[in-house]
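Below: the structure, in structure tokens.
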Amino acid sequence: MSVKLETRGLGKTYGQFVALQPTDIQVREGEFLTLLGPSGSGKTTLLQMISGLVPPDSGQLLIDGQEATHIAPGKRGIGLVFQSYALFPHMSVRDNVAYGLRMRKYPKAEVSQAVDDALAMVRMEDFAHRYPNELSGGQQQRIALARCFAYRPSIILLDEPLGALDKNLREHMQLEIRRMHKELGATFIYVTHDQEEALTLSDRICLMNRARIEQLATPEELYDRPATRFAAEFIGHSNLLQGQRDGTGHLQVEGQRLDLTGCAGHQAPSAGTEAFLLIRPEAARLTDPAAGLLQGTVDECVFLGSDTRALVRLPSGNRFSVRCSRDLSPRIGDPVGIAWDPTRATLLPAQAVS
Ligand code: ADP
Ligand code: MG
């Protein structure tokens, strides 16, 4: 797949403060790429430099292989959608959607057709004559999307567009945005701090932390094989067992000597080094104490709707979360073993743990 957009060392500082370290990223044609990370990690800064609204102070931007770092925002072929809908209150839905096309001096008949198409795309054909204050928040956001889609930009940047919607509507709109992305065939770069949203929507996720990229990978890779402790803890639930490697392919942890054979991230034996073993709650199971790789006692059971989590107190005092089925949930105080499939565990070197 060809590269649609590329940054080379693109960075931004405000005075002494680094908002984004020099960053290299390649976005593929037609891809849905999500910038995911905590508040303040530099997501909006990166997006705004791609849009041209914020000038970078280092590096380069290429669009379709062409230097675009200093091209005016309106001439980049990029559409933008923000959390605040920024619709014009005194204009009808139709005029709001047509606004950008009229500004760009499209012929009348073309404007009319493009507005019809964009409203159909967001399933708002029947609302063309309403005014923004006659629409719900979700409907207003659909109109903001239609306004962006109407002039068919080949790159669409979305900054937390569903942030103001409640959970059910947000989940519905996520599926709608995924459909729209497929139908438009444009390259989407989407900002969110919500990991579930990122996992639902993305072809790839660019996880950001402290003004830089922590890991760029598919949702499956990021979840199954996080490269750092930050990635492991930001996405999903994780158990991290800290221990010492012993030079024979074992990790000394919780008074046990765990065989690392089959674990991802486990290479040549290196004695004495600190490491973390990551095991997701759904990769672990409860067993008889004697059959477990680790032993502990059940401390708490948490009902999550789709399943139950048993929190097992380990000898160190740390708790280990295990997914169990509702009808087999254990009793508090029960001594249990914990077992897992080693191929679903990941060894993280201590230096990747910040
Ligand atoms: P995110 O979108 O991930 O929440 P931002 O990219 O908006 O983060 O911001 C990254 C960091 O840069 C934050 O600490 C923010 O306060 C700082 N920052 C952003 N814009 C400015 C600005 N105009 N002046 C000073 N600092 C800024
Ligand atoms: Mg932001």
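The values are calculated or read from the model by the stated rules, or taken from the named source; none is laboratory data. As the structure is a computational prediction, the values presented were derived from the model and not from experiment. Every residue, glycine among them, receives a Cβ derived from its backbone with ideal geometry; neighbour counts consider all protein chains shown. Ligands, DNA and RNA are excluded from the accessible area calculation, which covers all protein heavy atoms including side chains. Shrake-Rupley method; radii C 1.70, N 1.55, O 1.52, S 1.80 Å.
So what is the relative contact order of region 239-354, in percent, for Cα pairs below 8 Å that sit 6 or more residues apart? Reported as a whole number, the value is 31 percent. Ligands, DNA and RNA left out, the 1.4 Å accessible surface of region 1-123 is 54% carbon and sulfur atoms.
Protection proxy ranking, highest mean first, for peptides 208-215, 144-151: 144-151, 208-215, where packing is the per-residue count of other beta-carbon atoms within 10 Å, averaged. The fraction of all Cα pairs in region 123-240 landing in successive 5 Å bins from 0 to the largest distance is 2, 10, 20, 20, 18, 14, 8, 5, 3, 1, 0, 0, given as whole percents.
Of the listed peptides 286-299, 99-112, 44-57, what is their order by residue-averaged count of other C-beta atoms within 10 Å, with the highest listed first?
Details: 286-299: 17.3, 99-112: 13.3, 44-57: 19.9.
Highest to lowest by the protection proxy: 44-57, 286-299, 99-112.
Based solely on its DSSP helices, what 222 nm [θ] is calculated for the chain when runs of n ≥ 4 H residues each add -39,500 (n - 2.57) and the sum is averaged over all residues, nearest 500 deg cm²/dmol?
Numbers: 8 runs with 84 residues, N = 354.
So the helix-based figure for the chain works out to -7000 deg cm²/dmol.
Which shape class, rounded, prolate or oblate, goes with region 217-313 when its Cα gyration tensor gives a ≥ b ≥ c as root eigenvalues, a/c under 1.5 marks rounded, and past that a/b bigger than b/c marks prolate? The shape class here is oblate. Annotation: average projected area of the chain is 21.9 square nanometres, based on the convex hull of Cα atoms across all directions. So for region 48-169, Kirkwood radius off the Cα pairs, Stokes-Einstein at 25 °C and 0.890 mPa s: how many µm² s⁻¹? This corresponds to a translational diffusion coefficient of 159 µm²/s. Amide H contacts of Leu348 (H built 1.01 Å from N, in plane; Pro and chain starts excluded): Phe276, Leu277, Leu278 sit under 5 Å, all sequence-distant by 5 or more or on other chains. Take region 190-232 with all the other protein chains still there, run a 1.4 Å probe, and you get 39 Å² of accessible area per residue.
Could you sort 318-331, 239-252, 29-42 so that the peptide with the highest average Cβ count within 10 Å comes first and the rest follow in order? Present the calculation step by step, with values, prior to reporting the outcome.
Working: 318-331: 15.1, 239-252: 17.6, 29-42: 20.2.
Peptide ranking by packing, descending: 29-42, 239-252, 318-331.
Over region 29-124, what relative contact order in percent results from Cα pairs under 8 Å that are six or more residues apart? Once divided by the residue count of region 29-124, the mean separation gives 14 percent.
Cα convex hull of region 56-114: how many Å³ per residue?
Values: hull volume 8.0 nm³, N = 59.
Per-residue hull volume (Cα only) is 136 Å³.
Using a 1.4 Å probe on the protein chains only, how many percent of the accessible area of region 242-331 belongs to carbon and sulfur? Write out the running numbers ahead of the final one.
Details: 2240 of 4670 Å².
Reported share for carbon and sulfur atoms: 48 percent.
Taking amide H positions as modeled 1.01 Å from N, with prolines and chain starts lacking one, the residues under 5 Å from Gln83 and 5 or more places away or on another chain are Asp159.
Can you give me the accessible area per residue for region 66-115, using a 1.4 Å probe, in Å²?
On the way: 3060 Å² over 50 residues.
Averaged over the residues of region 66-115, the accessible area is 61 Å².
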